[in-house]
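Single-structure report; data block below.
The values are calculated or read from the model by the stated rules, or taken from the named source; none is laboratory data. Note that the structure is a prediction, hence the values are computed from the model and not measured. When we count neighbours, we look across all protein chains shown, and the Cβ atoms used for this are built from the backbone with ideal geometry, even at glycine. The area values use the complete protein model at the heavy-atom level, side chains included, leaving out ligands, DNA and RNA. Shrake-Rupley method; radii C 1.70, N 1.55, O 1.52, S 1.80 Å.
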Amino acid sequence: MTQAADTTRIAGAGSIPRSLFVFALLYGGMTVLAGFLAAKQVRLWPTELAVEAGIFAFLVLVVLSSATAQLHGAKVANRLVMWGFLPLAVSIMLILLVLQLPADPAMWPEGLAAFQLIHATTPRIMAAGPVAYAVSLLLNIWLFSRLRGTGGSGGGVSLMIRGAIASALSQALDSVIFITLAFGGERDIVPLIIGQAIAKVVLSMVLVPFLIVGAVALAKRLDRSEG
């Protein structure tokens with residue numbers, strides 16, 4: 001059998017939908033990126049409240065898991081969340097390994113110091129992530145699916161409303177869990193929790209519903225083009 005024939009067979013009947021494959025790739029990347037971005041706290045101007053920048057990647061996870069639940073069911077979406085632990089765990093182990101390896105003596109000293117400083121805190125942040133990650137995203141999928149009920153496709157306005165409610169509630173809980181585990185003892189976490197919760201709830205209401213609708217539309221287009 002030729003390589004071309006092998007490729008056709010793998011991409012043909014019995015393979016996962018193209019949309020799910022693309023979502024899984026993006027999902028794995030976002031689980032890792034969220035931990036890196038969380039090292040920076042962003043001020044919510046004009047207030048004194050702040051958020052950890054990882055929320056932007058985390059909201060992408062919410063959108064992808066919700067769109068997957070809409071198209072492929074809650075069980076598939078839950079599997080996507082659980083498999084998301086794999087790239088997260090591997091990235092934590094690699095970071096810890098690289099931190100222990102000796103640096104090239106010719107490396108820029110300030111760059112090395114900055115690298116060590118930032119990445120030394122990243123494992124704690126990334127380790128706090130799985131707890132909040134699992135609780136909030138599984139809750140998001142459960143709420144999103146339960147609100148769908150038993151009738152209709154759950155699309156259109158219903159899709160947006162369900163996405164907003166499920167995302168807002170799950171992300172508020174995520175803020176409390178993640179900030180406490182990641183930054184407790186290092187700084188005053190109350191303003192950060194408040195700012196994080198407000199930002200996530202607001203974004204869940206005004207932005208996430210449209211992103212979910214867009215992700216569902218993109219997925220349908222990807223699957224149509226698969227044939």
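Around E52, which amide H atoms from residues at least 5 apart in sequence, or from another chain, sit under 5 Å from its own amide H, with H modelled in the peptide plane?
So E52 has HN proximity to V42.
Keeping every protein chain in place, order F210, F36, F85 by accessible area at 1.4 Å, biggest value first, i.e. largest first.
These residues rank, largest area first, as F210, F36, F85.
Please tell me the relative contact order of the chain in percent, rounded to the nearest whole number, where contacts are Cα pairs under 8 Å and at least six residues apart.
27 percent
Quick one: compute the contact order of segment 30-89, relative version, from alpha carbon pairs under 8 angstrom and 6+ residues apart, as a percent.
Relative CO of segment 30-89 lands at 32 percent.
Could you state the accessible area per residue of the chain in Å², with a 1.4 Å probe and every protein chain left in place?
Dividing the accessible area of the chain by its residue count gives 53 Å².
According to a simple spin-label model (label point 7 Å from Cα along Cα-to-Cβ), what is the distance in nm between L117 and R79?
Inter-label distance under the simple model: 4.5 nm.
Using θ = phi - 60° and the Karplus curve 6.51 cos²θ - 1.76 cosθ + 1.60, what whole-Hz ³J(HN,Hα) does each residue of segment 69-84 get, with Gly and Pro shown as x?
Couplings: 4, 5, 8, 10, x, 5, 4, 5, 5, 5, 5, 4, 5, 5, 5, x Hz.
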